[in-house]
């Protein structure tokens, strides 16, 4: 699941049924598209952004930009998570979900006019795998090949029914391989050391999408300009798109007095305050964002956080009802690690409940006298209008009540992410969202997975749980895969480094001179689809 991302459980079943042993083909687009409106679209959000290289990191802020600049083989649209044709006009899947054959359109060109071929797709996917960053884990065990210029074959070592959903995600952006190579990029096995293109990506783009990068100022703005060589038949309305880093309170003010403007990070309570304001349109959704407390399982990193009795104490000390109240209107307790937008999430009836006596007994059983923990959290961002400090202070107060003292460590988001990646944080308050809309999206939480290693939970720590995860990832039947995901989450709720807290509600507010402003579970927002009213 990505570090930092209304319920449609039937969507994935439909998608899988279409892909296995079947062909999905593109539908034609009308050539009689209206002329674009022109002007500038402004999007206010709370920046979580370290790089504009699609293979290096996947965050909500980045996906808004990458969705506009890059294409993928398949693409979901808005709230509908079913993969649809994009650069690939059709594809077939083998019955055992190990071989997927994608047939590319022959009219796709990059922003510099270079034709996009299967070689660019294979190069982009190999680079993603070899960089070993961000979404690299998504391509583990998958080998790309190109039998001809307009065919891409993905061969999986094990059955992988999630591949059509996976290739529609931001990490699988297709790059102009010649251009990136010219500017320091490589798809070779030594890419972690040899690839020097990140600085170039922060000033340039290498995609075939409707927009190109005009400029990027760290922690301030990303400015996109319309791609004059875009291959699509329906031009986006906007000459430029400006993505600005703004706190939620400022977003609330801006959207009330702006023009062609969108605010993404308002809390449901803030959005509710706009009820009756005829100048704005408010859309409320069930958020895919899930807050959690995470402990470090590595004794070398912390003898306290790795103690299973302390983990039990933390799990049962938290006042989850109070957390939901802090989350505001529309918030719900998270029963497991999968948010309710993904099949396989646990029913709310199975959510952990506070049990202070059990927590106090666990502290005593730990054998640690006067246990103390340092809990880190990002200090300069908000999610759905909520500041992390609000939740952190509540958790600390709950733990103090059962005899665990907590030192809160507020870190700027860039510092936080750097330290989080080391896997040495003793305890953290963080959040996640699905990297792709399938139950297997949370396999990274299992020992050795991309999220688990940040909690010091290495491969081999729980072979039985790891085997169950491998079974889930290879199960073709949707219902069985979702059921296995639920079993895994139940085990994690009994003993594991994660304490799921809540899902907040998500609101997106726009000025009433805009239409088609829709939150996208994978890409946050498709700015090219937004139109002038």
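The values are calculated or read from the model by the stated rules, or taken from the named source; none is laboratory data. A quick note: this is a predicted structure, and the numbers were derived from the prediction, not measured. Here the Cβ is made from the backbone with ideal geometry for all residues, glycine too, and neighbour counts use every protein chain on show.
Working carefully through the options 119, 173, 146, find the one that is under 23 Å from the mean Cα position of the chain (by Cα) and under 26 Å from residue 93 (Cβ atoms).
Working: 119 fails: under 23 Å from the mean Cα position of the chain (by Cα); 146 fails: under 23 Å from the mean Cα position of the chain (by Cα).
Just a single option satisfies the conditions, and that option is 173.
Looking at the structure I just gave you, is residue 241 in a strand (DSSP E or B) and within 27 Å of residue 100 (Cβ to Cβ)?
Working: in a strand (DSSP E or B): yes; within 27 Å of residue 100 (Cβ to Cβ): no.
Answer is no for this residue.
Scanning region 70-80 for residues that are buried (at least 24 other Cβ atoms within 10 Å of the Cβ) and either in contact with a strand residue (DSSP E or B) (Cβ under 8 Å, 6 or more places away or on another chain) or assigned to a strand (DSSP E or B) (or both) yields 73, 74, 76.
For every residue, the table says whether it meets (1) surrounded by fewer than 18 Cβ atoms within 10 Å (Cβ to Cβ); (2) farther than 30 Å from residue 45 by Cβ; (3) in contact with a strand residue (DSSP E or B) (Cβ under 8 Å, 6 or more places away or on another chain).
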residue: 382; (1), (2), (3): no, no, no
residue: 390; (1), (2), (3): yes, no, no
residue: 400; (1), (2), (3): yes, yes, yes
residue: 405; (1), (2), (3): yes, yes, yes
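Does residue 232 satisfy the condition of being closer than 20 Å to residue 39 by Cα, out of contact with any strand residue (DSSP E or B) (no Cβ under 7 Å at 6 or more places or on another chain) and part of a loop (DSSP other than H, G, I, E, B)? Yes, satisfied. Of the residues examined, residue 343 is one that is buried (at least 21 other Cβ atoms within 10 Å of the Cβ), assigned by TED's automatic domain parsing to the domain that holds residue 486 and either at pLDDT below 95 or farther than 21 Å from residue 457 by Cβ (or both).
Pick from region 52-69 the residues that are outside any loop (DSSP other than H, G, I, E, B) and out of contact with any strand residue (DSSP E or B) (no Cβ under 8 Å at 6 or more places or on another chain): which of them is farthest from residue 148 (Cα to Cα)?
Filtering region 52-69 down to residues outside any loop (DSSP other than H, G, I, E, B) leaves 60-69.
Next, from what is left, pick out any that are out of contact with any strand residue (DSSP E or B) (no Cβ under 8 Å at 6 or more places or on another chain): 62, 66.
Details: 62: 32, 66: 27 Å.
Across region 52-69, the extreme among qualifying residues is 62.
Name the residue that is surrounded by the most Cβ atoms within 10 Å (Cβ to Cβ), counting only residues in region 247-270 that are part of a loop (DSSP other than H, G, I, E, B) and out of contact with any helix residue (DSSP H, G or I) (no Cβ under 7 Å at 6 or more places or on another chain). Once the filter is applied, the top-ranked residue is 264. In region 328-360, of all residues being in contact with a helix residue (DSSP H, G or I) (Cβ under 8 Å, 6 or more places away or on another chain) and not in a loop (DSSP other than H, G, I, E, B), the one that is farthest from residue 81 (Cα to Cα) corresponds to 360.
Scanning region 85-100 for residues that are surrounded by 18 or more Cβ atoms within 10 Å (Cβ to Cβ) and out of contact with any helix residue (DSSP H, G or I) (no Cβ under 8 Å at 6 or more places or on another chain) gives 85, 86, 88, 89, 98.
One residue stands out in region 117-138 among those that are crowded, with 23+ Cβ neighbours inside 10 Å and closer than 13 Å to residue 444 by Cβ: the one that is modelled with the highest pLDDT, namely 138.
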